[in-house]
Amino acid sequence: MKNNYDTFKILFLLLLPFGVMGQLINGDFENIKPNLLPSNWGMNYFQQVIIDNETGENIGDQIQYTWCVPYLIYASTEAQSGQYAMELSNAFNLTQNIVIPGEAVLFSDQTQDIPGWNPGVPISVTDNVTGIGFYYKFLPAGNDIAQAKVQVFDIEGNEIGTANIDITDTNTSYQFIYEPILYTSNAAPVYMYVSFVMAKEGSTPTFGSRLIIDNVVTNLNDLNMVVNNDKTKINIYPTLVETSLTIEDLDHSQEPFTYKITNTEGKLLSQNSVNTINSVYTMDLSHLSSGMYFLHIDSNQGTIIKKFLKK
C-alpha cells in the first residue's frame, strides 16, 4: 500500500505535535467526552438525508441501535481496569434492511468525533511499535468475525509493517490477546493506523453483536503502565522457561492471588488460586509447547501481566 507522498508528508507534519510518546493515545479509554464517545477514537458514518419538497421535512433511513445511545462506538463502564472501556456494536438500517458494522479508528484530533480525512497517529522516534495487544470481551449474535489491525508507514507513505487479529470466540470475561507486527522494511516508522472493526472484510455482521475493548498497547512494555499498580512489586523468573516458573511477591502485598496463563491468541491454558504465607510460588509449565505466553496475576492490588518464553 502506498499513499500519495506529498499528502502523507503534509498530514504527518500537521499532526506531529499531537503525537503521543510511549503508551498509545487514550488506549485505556479513560478520556471520555460528554457525548459518551471515547476521545481520539471514532468512525466515519454519515446517514443520507432527503428533504421532502412538499413539506420541507428531513427524511432519513430509520436506524436501530443496540443500545439507547445513537452510536456504533461509545464508552462502556465494563472496564478491565479503570472506569471505562470502549464498546463497538452493530446497528440495523430498518429502511434498507441491512446491518451496519461498528468500527473504531484511532486519530490525533481529540476535538473531533470522527477521523474524517485524518485517521492514524504519528510515531515518535522514541516509540517502539512492535505489535498490537488488548483486553477484550466478544459477544457475537451470529457467526461474526471482528478484527483488530495496526498498519505502520514510513515518511513516504509506504506500508512497512502490519498485524491483524481475528476475533471469533465468544468471551464474556476479559481475555488478553497480542499479535506482533511483521515488518517488511528497515525504514523508520513515522505513522500508524489502528482500527477495530465488527466485520472483517468478507464476513457477515449480525445485529446485536458487541465487542468491548480495553487497555490497547502497541508495545508489550506498556502493559505494566496500563494495568499494574505502582505499589506492587512482583517478580517472575526465569523469563525463558524450561520446566517451571516462579512468582516472587517482593513486598508480600499480593497474597492471596489468582493467576492464569494465556497464549498470544488469548486462549486460556491454565489457572489457579494461591493462598500461602510464603512469598515465593513455583508452577510447573513443562506441558507448554515452545512460544511466548502471558502470566496474569489478580490480587487485592490489581492486575499484573508479565510475558515469558517457553523453550
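I'd like to check something: does the stretch 138-152 contain any residue that is open to solvent by less than 50 Å² (accessible area, probe 1.4 Å), hydrophobic (A, V, I, L, M, F, W, C), in contact with a Gly (Cβ under 7 Å, 6 or more places away or on another chain) and farther than 24 Å from Thr262 by Cα? There is at least one residue in the stretch 138-152 that is open to solvent by less than 50 Å² (accessible area, probe 1.4 Å), hydrophobic (A, V, I, L, M, F, W, C), in contact with a Gly (Cβ under 7 Å, 6 or more places away or on another chain) and farther than 24 Å from Thr262 by Cα.
Got a sec? Which of Asn118, Asn171, Asn158 is in contact with an Asp or Glu (Cβ under 7 Å, 6 or more places away or on another chain), open to solvent by 10 Å² or more (accessible area, probe 1.4 Å) and in contact (Cβ under 8 Å) with a residue 60 or more places away in the chain?
Details: Asn171 fails: in contact with an Asp or Glu (Cβ under 7 Å, 6 or more places away or on another chain); Asn158 fails: in contact with an Asp or Glu (Cβ under 7 Å, 6 or more places away or on another chain).
Just one listed residue meets the conditions, Asn118.
Counted as qualifying within the stretch 68-150 are the strands (runs of 3 or more DSSP E) with 1 or more residues that are within 17 Å of the chain's Cα centre (by Cα) and small (Gly, Ala, Ser), namely 73-76, 85-89, 103-106, 131-139.
Tell me the strands (runs of 3 or more DSSP E) entirely within the stretch 212-311 that contain at least 3 residues that are modelled with pLDDT of 80 or more.
Hits in the stretch 212-311: 244-249, 257-263, 268-274, 280-284, 291-299, 302-310.
A search for C-beta distances below 7 Å between a residue of the stretch 260-274 that is under 16 Å from Asp298 (Cβ atoms) and open to solvent by less than 70 Å² (accessible area, probe 1.4 Å) and any residue that is of a type outside the set (A, V, I, L, M) and part of a loop (DSSP other than H, G, I, E, B), counting only pairs 6+ apart in sequence or on different chains, returns Val274/Pro256.
The values are calculated or read from the model by the stated rules, or taken from the named source; none is laboratory data. Computed from a predicted model, the values in this text were never measured in an experiment. Counting neighbours? That spans all protein chains shown, and the Cβs are built from the backbone with ideal geometry, glycine included. Surface areas here come from the heavy atoms of the whole protein model, side chains and all, with no ligands, DNA or RNA. Shrake-Rupley method; radii C 1.70, N 1.55, O 1.52, S 1.80 Å.
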